[in-house]
Amino acid sequence: MQILDGKLVSAAIKAELAEQVAQLKAEGKKTPHLAAILVGNNGASETYVASKVKSCAEIGFNSTLLRFDEHISEKHLLDHITSLNENADIDGILVQLPLPKHINEELVINNIDPSKDVDGFHPMNVGKMVSGLPTFIPATPYGIMLMLEHYNIETKGKHAVVIGRSHIVGTPMSILLSRNSNPGNCTVTLTHSQTKNLKELCLQADIIVAAIGKPGFVTADMVKEGAVIIDVGINRIADETKKSGFRLVGDVKFDEVAPKSSYITPVPGGVGLMTIAALLKNTYHAAIGQKGGMN
Ligand code: NDP
C-alpha cells in the first residue's frame with residue numbers, strides 16, 4: 001500500500017508554478033491575479049478560501065479576497081462579479097460555494113466571464129470539457145488527475161467506480177476518467193444515492209473515487225484487494241481533544257481500507273491540497289491566455 005501524498009505532489013506543482021511566475025515577472029509580463037469571493041461566515045468555506053489566498057501568495061500570484069455579509073443581495077453580488085469581469089488586472093474569479101439560500105448559485109456562476117472561470121463551473125466551460133476541448137477543468141477532479149499522473153498509476157482499461165454525481169466532483173471525474181487520455185481510458189460506473197447494488201459495483205472496482213460527504217462511508221468489505229482509493233470527502237466530526245472542537249475525516253474508513261488498497265489518499269493531506277494546486281494551475285493558464293492544463 002502506498003499513500004498518495006497530496007502535500008508532496010501539490011508542493012511540486014506549486015514550486016513549478018512559482019518558477020513560471022518568476023519567469024513571467026522577469027519578462028515584464030503580468031502577474032497572475034485571482035479574485036475570490038466569500039459570502040457569509042461558513043467555517044469550512046472560510047478555511048478553504050484562506051488556504052487558496054495563502055497559496056497564491058506563496059507562489060507569487062496576486063490575490064484579492066472580497067468578503068460580503070451573508071445578507072448581501074443577489075443584485076449587489078452580481079454587480080461585483082461584473083466589475084471583476086471588466087477588470088483587466090483580474091485573471092481568475094472564484095465564488096466559494098455554497099452561497100446563502102436567497103442567492104441563485106447558477107445565476108452567479110453564469111455571470112462569471114468564462115475566460116476567468118478558473119473553477120470551470122460555467123456551462124460553457126462544462127460543455128467544452130464534455131466535448132474534450134481546451135478549457136478550465138473543475139479543480140477537484142483536475143487535481144485528482146494530476147495526482148494519478150504524478151504517481152504514474154495505470155488507469156487504461158481499469159474499472160473506475162465514482163461514488164457521487166455532483167457537478168463539482170463526481171460528474172466531471174467520471175468524464176475525465178473515461179476520456180481517451182492518460183490518465184483516463186477507464187470504464188467508468190457513476191453511482192449515486194439511487195444506485196441499487198453499490199457494494200457489488202465497488203467490489204468490481206480497480207479504482208474507487210469517493211465523493212459522497214458521509215464520514216467513513218466506504219468500508220473494507222466494499223473494496224477489492226489492490227484497488228486504488230481516492231477519498232474526496234472532507235467531513236468535520238466532533239473531537240474534544242482538538243482546539244477547534246472537530247477533526248477532518250474522509251468518506252473512506254481509512255484504517256480498515258488502506259491495508260487492502262494499492263494506493264490511497266489520506267484525509268487531510270490528499271485530494272484537498274491537490275484541489276488548490278489545480279486551481280492555481282487554472283489561474284496561471286487564465287493569466288497567460290491558455291485554458292486548461294490537460295487538453
Ligand atoms: P454533494 O452533496 O453535492 O454530492 C454528494 C453525492 O453523493 C450525491 O451525488 C449523492 O447522490 C451521493 N450520495 C449520497 N448518499 C449516497 C449513498 N448512500 N450512496 C451513494 N451515493 C450517495 O457533495 P460534493 O460532491 O460537493 O462533495 C462530496 C464530498 O467531497 C464532501 O465531503 C465535500 O466536503 C468534499 N469535497 C472535497 C473537496 C476537496 O477539495 N477535497 C472539494 C469538493 C468537495 P444524489 O445525487 O442521488 O443525491
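The values are calculated or read from the model by the stated rules, or taken from the named source; none is laboratory data. What you see is a predicted model; the values in this text were computed from it and never measured. Virtual Cβ from ideal backbone geometry, glycine too; neighbours counted across all protein chains shown.
Quick notes on this one:
- Failed condition for Glu225, given (1) free of Cβ contacts under 8 Å to residues at least 40 places away in the same chain; (2) buried (at least 22 other Cβ atoms within 10 Å of the Cβ); (3) more than 9 Å from the ligand (Cβ to nearest atom): (2)
- Filtered residue count, the stretch 161-174, keeping only those that are free of Cβ contacts under 8 Å to residues at least 60 places away in the same chain and not in a loop (DSSP other than H, G, I, E, B): 7
- When residues in the stretch 127-184 are screened for being crowded, with 21+ Cβ neighbours inside 10 Å, among the β-branched types (Val, Ile, Thr) and under 16 Å from Met274 (Cα atoms), 4 of them pass.
- Hey, Lys214 under 18 Å from Asp5 (Cα atoms) and surrounded by fewer than 21 Cβ atoms within 10 Å (Cβ to Cβ) or not: no
- Within this structure, Glu86 fails the test of being closer than 28 Å to Met173 by Cα and acidic (Asp, Glu).
- The single residue among Ile137, Ile144 that is under 15 Å from Ile264 (Cα atoms) and modelled with pLDDT of 95 or more turns out to be Ile144.
- The stretch 271-283: number of residues that are buried (at least 24 other Cβ atoms within 10 Å of the Cβ) and either aliphatic (A, V, I, L, M) or out of contact with any strand residue (DSSP E or B) (no Cβ under 9 Å at 6 or more places or on another chain) (or both): 9
One line per residue, one yes/no per condition, for (1) within 17 Å of the chain's Cα centre (by Cα); (2) more than 10 Å from the ligand (Cβ to nearest atom); (3) farther than 18 Å from Leu177 by Cβ; (4) at pLDDT below 95:
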residue: Ile207; (1), (2), (3), (4): no, yes, no, no
residue: Ala220; (1), (2), (3), (4): no, yes, yes, no
residue: Tyr263; (1), (2), (3), (4): no, yes, no, no
residue: Gly270; (1), (2), (3), (4): yes, no, no, no
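- Hits in the stretch 130-160 (condition: among the polar types (S, T, N, Q), over 16 Å from the mean Cα position of the chain (by Cα) and in a helix (DSSP H, G or I)): Ser131
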